[in-house]
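Worksheet: one structure, shown below.
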Amino acid sequence: MAMRRLFAFCFAGLLLSVTVAGADVSMIRNGSFEMDGQILDITMKPPMNWQYVDIPFQFDGFVGHQWATNGDWSLTLSTDIYATFQPGDSATVEQCVFINGDEHIACDLELTTELPQNYVWDSNLFSAILTVDGNAVWDSNSFGLSGNGVYHIEVNDLNVTPGSHLLGVGIRANTAAPTPYYYSYYARWDSIRFVSSYGGDTYPPADFTQDCVVDINDLKVFADGWLDPNGPDLTGDMAVDFADFAVFGDYWMLDCADIPVEPNFIDPPEADFNNDGVIDFADLLVLCEDWLGGCSVCVRSDLHDDGFVDFADFAWFAEYWQQD
């Protein structure tokens, strides 16, 4: 019992004490722009986690729902009407990432124009580009992607040394010519992510390290972002808290071959172990005292009803934290 009581206090402080020192991971945050909702002008409010926005006067940028492949939102970078361009003029949005060296970048891209029935995207004039440290590692002109359409992009050779780098998406002028005054070019980006060479591109949402298993290494990443609005937010509410840990718990020890099942959450009163009308630290203490115990001795904490008290039960418990 003494060991379980010690665990109770350690468990409550776990997320505040674990760090990711020496555990850099390759992770693109908010790669589908789901943390933002609508942003009419990204020069006034950058997309969350995309720290560097460079939109010269000839371009525009916004987050909207005109098109998306993952969720409801995507990033649009576009040319302005009436503007004149010189070769190399570009608009980019970047974030700082860590590249280990065995990943490639994958994303979805829509190329379109304001009046697609009459004018289509011409990559001889403008390119959609992916950049690392300001250098294009992929551009639509090199791949002959002229014409309006939706494309899945993968870049297999980033050709950079492991370490911190700036990853960006953008739109670039390829020739010195005014764009026709009556329409603009639109490059819409969505589902921007790293793909490990050994893991494929389908990871459990809580697999922050993208090693195809949700384990202690992912918990370290999660704990480092605890209460940080820029941390690994799994619920999209711009906070990393017990609600996110509830989601994290649902994926604990799942791998890429598993198909997560949405839990059928119980009513809050069943997690109110001491029946005081609120689910709080007193109830957390009960859960911790029963931690890893079989249900012959701890029926009260087996919220998942699987005969054991573990992260599955904590996921359900955390879902109702501070509810009455």
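From the residues in segment 198-242 that are within 18 Å of G71 (Cβ to Cβ) and among the acidic types (D, E), which one is modelled with the lowest pLDDT?
Looking at the filtered set, the residue picked out is D201.
Could you tell me which numbered condition G101 fails, if it satisfies all but one of (1) closer than 22 Å to V160 by Cα; (2) touching a His at 6+ places or on another chain (Cβ under 9 Å)?
Failed condition: (2).
If you check A68, A106, which single one turns out to be in contact with a His (Cβ under 8 Å, 6 or more places away or on another chain) and either assigned to a loop (DSSP other than H, G, I, E, B) or closer than 21 Å to L145 by Cα (or both)?
From the options A68, A106, the qualifying one is A106.
Within the set of pairs 6+ apart or on separate chains, which have a first residue in segment 133-161 that is touching a residue at least 60 places away in the same chain (Cβ under 8 Å), a second that is surrounded by 12 or more Cβ atoms within 10 Å (Cβ to Cβ), and C-beta atoms under 6 Å apart?
What qualifies is V150/E110; V160/I99; V160/V132.
Is there a residue being part of a helix (DSSP H, G or I), among the aliphatic types (A, V, I, L, M), modelled with pLDDT of 75 or more and surrounded by 15 or more Cβ atoms within 10 Å (Cβ to Cβ) anywhere in segment 169-178?
Looking through segment 169-178, none of the residues is part of a helix (DSSP H, G or I), among the aliphatic types (A, V, I, L, M), modelled with pLDDT of 75 or more and surrounded by 15 or more Cβ atoms within 10 Å (Cβ to Cβ).
The values are calculated or read from the model by the stated rules, or taken from the named source; none is laboratory data. As the structure is a prediction and not an experimental result, all values here were calculated from the model. Note that we place each Cβ from the backbone using ideal geometry, even for glycine, and neighbour counts take in every protein chain shown.
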